[in-house]
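Written out below as structure tokens is the structure these notes cover.
The values are calculated or read from the model by the stated rules, or taken from the named source; none is laboratory data. These numbers come from a predicted model, not from an experiment. We place every Cβ from the backbone using ideal geometry, glycine too, and count neighbours over all the protein chains shown. For accessibility, only protein heavy atoms count, side chains too; no ligands or nucleic acids. Shrake-Rupley method; radii C 1.70, N 1.55, O 1.52, S 1.80 Å.
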Amino acid sequence: MVDQQIADTAGPPVPRRPPAALLDRVLGGRSPAGRFAAGALPVAVALWVLALRGARLDRMGDLGLLQALPMTYWAGFAVLLAGFVAVLYQPRVPQGWAAAYVVALITMIHATPSVLYPTLRYAWAWKHIAVVDAMLRHNGTVPNAGGLELYNEWPGFFQLNVLFLRATGLHSALGYASWYPLLANLMLLGPLLLLYRALTDNRRLVWGGVWLFYSVSWVGQDYFSPQAFAFLLFVLLLALVIGRLAAARRAAAAAAEGPPTATALTARTPWLGWYAMTVVVLAGIVISHPLTPIMTISVLAMLSLPRRNRRTVLPVLGAAVAMTFAWDYTVAHSYLAQNANQLIAGLSATNSNVRPPGQLRFGTIAPGQAMVARLSLGMCAVLGLLAVVALVSQRWVRRTGLIAVLFGPLPLLLGNSYGGEMILRAYLFVLPATAFLAGTVVLRSGRRPVLHRALAAAAAGALALGMFGNYYSKEAMNYFSPQEVAALKQVTADAPSGTRIVSVTGDLPGGEFNYDDRTRVILSQLSAEEQRIMLADPLPLLRRELTVPVVPGPSFLVLTRAQAEALRLTGALPEDTVRRLAGLAAGSPEFRAVYTSPDAVVYQYTAPSAGVVGEVAPPWGTGGSTDQQNPTGRQP
């Protein structure tokens, strides 16, 4: 009886979809483009994996990883690009495929060094690991921070990592910092989508703009750093504010013309909740980085110029100004007071801010690096031209607020050089706008779909190859071998308190560990006159830097492969400077070799009468390596 009742109320059975129908739904139909898109992605990933197995780090030269990666890597990228263009121009293909392609692009670019290198890349990432370690040990502010006092003034990023380490029981951020470029770019995907979907409901422009963003983001500020964290929050804030403005425009249009064409998260959020989110994001920016709050204020000020935007933007701008002023006047007051003269001087040096003077060089820049420098200027010019074309030719993009993002960094670019990096930081902050605007020009559709797709693929490919050239070209100096890491451990973790570490450049893996009771001397950062003296007669100046002032611990001279590569690539000093100093130390009784390997040598300075000649040959150059087949010490 009960079974009969259940049968009567169950209703008609739900028909099961045949496998072919499910496949058509996943592929967006049976079109060749949909099937190609589904097949191209796994092929591209497989080619990338094969390329990683065939990479040869010992081939890195003037162009870094570009010389180490086999042709299968570039074939994988070409297949990935072709599949993505097919997805963009096939509206029936589900958006999940576009997301999968973008994630594959991010992984191909940013996971490659993490997979290939056995150690953390880039000296500044090691420096930030040292700061997190010091704040973890001191439970907050690090005393005797010296040149790293800046991080005590803006500790947000570091304290967040300290909190994570304590919550997880990890002892150091070194374990996950190698993957931070990949993680940072994956986390950036959400705010970018939120921003671009607030601008348009055109799927091709949204995903195309995202792809172009990652294809031209070559500045390299995505490593384990406060700037990467603050930039993520900056893009999220842009998405919240511009999304709210877009929602207001659509509401006004709906009142006159009917229902809006698209919705956004910010459109469904009550004003108080939305404002609370912006304040939280602003707080994270203000306490984490000195430049990003000022850049945020400048962009918000530009965005508030149109009267229709002020009701939304002015409360956020007011909060940004108030929080930045409060933080700078209290927590960061000492740092700003010490650097006030430099900040004021920058206001009257507009020409050198926009085009900072070249780095002091006593050597010759590598030909490959000179070519890359011209390539980066060309990419900036092309992106800028595409953005201008979009603004001139398409009226609707001028109402999106992207003009404010495009020109917001200009006052800072004119007002300060930021250590010669302001033009690069300005490029980074305008990138969300320029990538989208370039996409509206490059990714057009028309009566000749094949031609438009071919042109879109060619343009996106050319921009991406330019990005690879800029992003990977300095890997010979960014990469550190395990031997170099072991050498630095000898003078940071294992050496007694009060140790002095002298190196030619700052390209050391972990030279700042225990920086609160270590002294660092970088010879390439001495004055121009002192560097000339060193090049003419190195030993007297080297002796002075190793003995003055007196420190309670030993003094070490650390010479590594990465330093030699840095000089060869940048030309800061003659290419043979590291090898020359290693030879002098090996032949002097004042130096005692305490660590030697093909990639690194560490000398302890001793009294002239106390030691014997080191008898350790320089590890770079003719006769400098105990491994003539692999002088860099890296696995082929």
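Summary table
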| read-out | value |
| --- | --- |
| Odd one out for residue 493 among (1) modelled with pLDDT of 95 or more; (2) more than 21 Å from residue 220 (Cα to Cα); (3) hydrophobic (A, V, I, L, M, F, W, C) | (1) |
| Selection from the stretch 420-453 of residues that are outside any loop (DSSP other than H, G, I, E, B), over 13 Å from residue 217 (Cα atoms) and at pLDDT 85 or above | 437, 438, 439, 440, 441, 442 |
| Matching residues in the stretch 269-318 - criterion: being open to solvent by less than 20 Å² (accessible area, probe 1.4 Å), part of a helix (DSSP H, G or I) and of a type outside the set (Val, Ile, Thr) | 274, 282, 284, 291, 293, 295, 298, 300, 303, 309 |
| Some residue of the stretch 534-551 being closer than 25 Å to residue 61 by Cβ, out of contact with any His (no Cβ under 7 Å at 6 or more places or on another chain) and open to solvent by 30 Å² or more (accessible area, probe 1.4 Å) | yes |
| Selected residue (only one of 21, 46 is open to solvent by 30 Å² or more (accessible area, probe 1.4 Å), of a type outside the set (D, E, K, R), at pLDDT 95 or above and more than 30 Å from residue 370 (Cβ to Cβ)) | 46 |
| Selection count where residues are open to solvent by less than 10 Å² (accessible area, probe 1.4 Å) and touching a helix residue (DSSP H, G or I) at 6+ places or on another chain (Cβ under 7 Å), scope the stretch 556-571 | 10 |
| Some residue of the stretch 199-208 being open to solvent by less than 20 Å² (accessible area, probe 1.4 Å), under 21 Å from residue 157 (Cα atoms) and either assigned to a helix (DSSP H, G or I) or in contact with a Gly (Cβ under 6 Å, 6 or more places away or on another chain) (or both) | no |
| Boolean, residue 405 is crowded, with 21+ Cβ neighbours inside 10 Å and farther than 30 Å from residue 178 by Cβ | yes |
| Positions within the stretch 209-225 being open to solvent by less than 10 Å² (accessible area, probe 1.4 Å) and either assigned to a helix (DSSP H, G or I) or aromatic (Phe, Trp, Tyr) (or both), in sequence order | 209, 210, 211, 212, 213, 214, 215, 216, 224 |
| Single residue of 527, 497, 503, 481 found to be farther than 30 Å from residue 89 by Cβ, of a type in the set (Ser, Thr, Tyr), surrounded by fewer than 17 Cβ atoms within 10 Å (Cβ to Cβ) and touching a residue at least 12 places away in the same chain (Cβ under 8 Å) | 497 |
| Output for the stretch 465-519, where each listed residue is within 30 Å of residue 211 (Cβ to Cβ), among the small types (Gly, Ala, Ser) and not in a loop (DSSP other than H, G, I, E, B) | 466, 469, 476 |
| Residue 509 open to solvent by 30 Å² or more (accessible area, probe 1.4 Å) and in contact (Cβ under 8 Å) with a residue 24 or more places away in the chain | no |
| Test result for residue 466, open to solvent by 30 Å² or more (accessible area, probe 1.4 Å) and of a type outside the set (S, T, N, Q) | no |
| Candidate set: the stretch 512-523, residues that are closer than 22 Å to residue 576 by Cβ and touching a helix residue (DSSP H, G or I) at 6+ places or on another chain (Cβ under 7 Å); chosen: the one surrounded by the most Cβ atoms within 10 Å (Cβ to Cβ) | 523 |
| One residue from 474, 489 being surrounded by fewer than 21 Cβ atoms within 10 Å (Cβ to Cβ) and more than 30 Å from residue 89 (Cβ to Cβ) | 489 |
| Those helices (runs of 4 or more DSSP H) lying entirely in the stretch 524-612 with at least 1 residues closer than 18 Å to residue 491 by Cα | 538-547, 561-570, 577-586 |
| Some residue of the stretch 146-164 being under 24 Å from residue 563 (Cα atoms), of a type outside the set (Val, Ile, Thr), more than 25 Å from the chain's Cα centre (by Cα) and at pLDDT below 95 | yes |
| Where a residue in the stretch 52-65 is open to solvent by less than 10 Å² (accessible area, probe 1.4 Å) and its partner, wherever it lies, is basic (Lys, Arg), with Cβ under 6 Å and at least six apart | 64/474 |
